[in-house]
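Shown next, in structure tokens, is the structure this report addresses.
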Amino acid sequence: MKIVIIGAGLGGLECGYLLSKQGFEVCILEQGKQIGGCLQSFERKGHRFDTGFHYVGGMGEGEVLYRLFEDFNLLNLPWKELDRECFDEVYIDGEKFSYMNGYENFAEELSRQFPNQREALHRYATILKNAQEGLQDFSKMADNPTSRELMTTSAYNFLQQNFSDERLRNVLSATSLKMDLLADSLPFYLFAQINGTFIQSAWRLVGGGQVIADTLAAGIRSHGGEVRTRARVTGMQVDNERVSRVIINGEEEMACDLVISDIHPNILFPLLPEGAVRKRYIQRIKNLHNSFGVFTVHLLLKENSVKYRNRNLFIHHQPELWRTVEQPVDGCTRSIGVHFSVPENGGEYTRNIDLFMPMYWQEVAAWSDSQPLRRPGDYEAFKQRRAEDAITQVLPYLPELKGNIEQIFTSTPLTYHDYTGTYEGSAYGICTDCNNLMVTILPTKTPLPNLFLTGQSINFHGVLGVTVTAKITCEQVIATLPTL
Ligand SMILES: Cc1cc2nc3c(=O)[nH]c(=O)nc-3n(C[C@H](O)[C@H](O)[C@H](O)COP(=O)(O)OP(=O)(O)OC[C@H]3O[C@@H](n4cnc5c(N)ncnc54)[C@H](O)[C@@H]3O)c2cc1C
């Protein structure tokens, strides 16, 4: 039984790890020269920068991600826990708020600034805690009334109904650059799941996300599996309603018994021969909303100039953090996440900080025909303007940056589009809509019985969401085998 996996992002690597461990012949095909997708790191001037990944939640012993990572041999990596008394420092229009670890602590800490919301905060903390315990297969959501209720409630409405203080509603949403805060559609379950894990405990990884990708790939190889880079899947052959071969780089054919796709469905389906699956199915997925993209300003700092902070900063210069899909894109930066790299030499100074903010495909689409490293001057000027704007906005909170930036690198949704094959540079893929769960939660099965989906567009995104989905995909693959 030969299983081909398209894409060596976290989802593809996790599926490859689990299935190769079970003795299946696995080959992962990655278009890039490097594995990891959004987890990959890149090097500039001998320093490592992260493409996407900055931190995870729930890696304390017995916690939600810890339990999942046990199966992938990812517990013994150099994880570094962030400050428990404040892992995320939030600024809204200059006012500071602290996110503390532990559900009760979190509620108590914010109660100091919002004493009349204490009860509501404790209720909220209990709901987040319970959501962790109920983490399960999204496709079985209908069977569980509590989860279903949380899925069909919008996060925005939940906050409106449970907190009378608008400032607090914004504080509770303020570290959520990790998801698209769409007022009309973001399910509360997803909001609770993602925020809740980080409140359990928050962790960086020395060496960045690439360490996870490399560890998984080493595991796959030790199980006899193969991970190939510079191997872009450019087509698929379908015989008797089964994918029988994948085409690599337009020239090589590889026979397969089963295929798992870790790439965005909108990139996958055009690879199938016309008519292999119904146009209506493909169009329905194409019509779904995808999350914003990200603009990252990677700052290389002068040696021994900026002290490492063992926490993230989320800086907002706007009164309302939620948006509607229809909201126009006006090219302003109002919300920025600040992430410090852990010094790999164990010292007290960091060499790089990432400033991370939403950016929309419409803002860069005009340059989408240009090639990496050969972009036109107006694109470079656009990036420089936006980077300077971001630095100006964080300087009041990080005055030590002044005079200490050695070099600036940037990435836009166009960078992700070109290097990680992300559909329209969307950071988190297809957005789940609480009003339309049946359509926006994609099953891992497709109309072709030997073609399966995994990755961030199926169920939910982030290291946690992708890991849950990889397990579901593998379970369904194994359950389906006798019928193939
Ligand atoms: C800027 C940013 C910051 C983030 N920060 C965090 C964070 O701090 N914590 C967290 O938990 N999550 C974070 N995330 C989300 C998390 O990184 C992603 O949800 C997750 O890594 C996605 O994994 P994936 O396997 O679904 O897809 P991807 O990482 O997109 O991998 C898909 C892979 O498929 C390859 N590919 C595409 N087309 C082809 C083809 N035709 N043939 C072969 N290969 C192909 C791509 O090159 C890529 O390697 C962040 C995401 C972004 C974008």
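FYI, it's all coordinate maths here, none of it is from the lab. Given the structure is predicted, the values throughout are model-derived calculations rather than measurements. When we count neighbours, we look across all protein chains shown, and the Cβ atoms used for this are built from the backbone with ideal geometry, even at glycine.
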In this structure, among 302/383; 80/307; 45/402; 129/445; 129/471, pairs with alpha-carbon gaps over 26 Å are 129/445
Quote the relative contact order of the chain in percent (integer), defining contacts as alpha-carbon pairs under 8 Å separated by 6+ residues. 22
Aspartates and glutamates within cross-link reach of residue 2: Cα-Cα under 12 Å, excluding same-chain residues under 8 positions apart? 25, 226, 257
DSSP loop (so not H, G, I, E, B), at most 16 other Cβ within 10 Å: list which trypsin sites (Lys or Arg not before Pro) in segment 321-374 pass both filters. 334, 374
Apply the a/c threshold of 1.5 to the C-alpha gyration tensor of segment 236-366 and tell me whether it is rounded, prolate or oblate. oblate
Rounded to the nearest 20 debye, dipole of segment 197-343 from Cβ charges on Lys, Arg, Asp, Glu: 540
Spin-label point model (7 Å from Cα, Cβ direction): what's the residue 71 to residue 166 distance in nm? 4.5
R0 = 25 Å: FRET efficiency of residue 83 with residue 42, Cβ-based, nearest 0.05? 0.35
Using the Cα atoms of segment 292-427, I'd like the radius of gyration and the largest Cα-Cα distance, Dmax, both in angstrom. 15.6, 47
Which value, in debye to the nearest 20, gives the size of the charge dipole of segment 292-427 about its Cα centre, when Lys and Arg are +1 and Asp and Glu are -1 at the Cβ? 340
Grab the Cα-Cα distance for residue 249 and residue 278, subtract it from 0.36 nm times how many residues apart they are, and report the gain in nm with one decimal. 7.9 nm
List residues of segment 177-191, by number, whose backbone nitrogen lies under 18 Å from a label position 7 Å along Cα→C-beta of residue 123. 188-189
Compare the peptides 61-67, 280-286, 180-186 by average per-residue count of other Cβ atoms within 10 angstrom and give them in order, highest first. 180-186, 61-67, 280-286
By the Kirkwood definition, with r running over pairs of different Cα atoms, segment 213-271 has a hydrodynamic radius in Å of 12.9
In whole angstrom, the spacing between the Cα centers of segment 39-86 and segment 464-484 equals 24
Note on segment 189-309: contact order normalised by length, alpha-carbon pairs under 8 Å, 6 or more apart, percent, works out to 13
For the chain, what is the percent of antiparallel DSSP beta bridges, rounded to the nearest 5? 70
Values of log10 I(q)/I(0), in the order q = 0.05, 0.11, 0.12 Å⁻¹, for the chain under a Debye, Cα-only, solvent-free model: -0.18, -0.91, -1.10
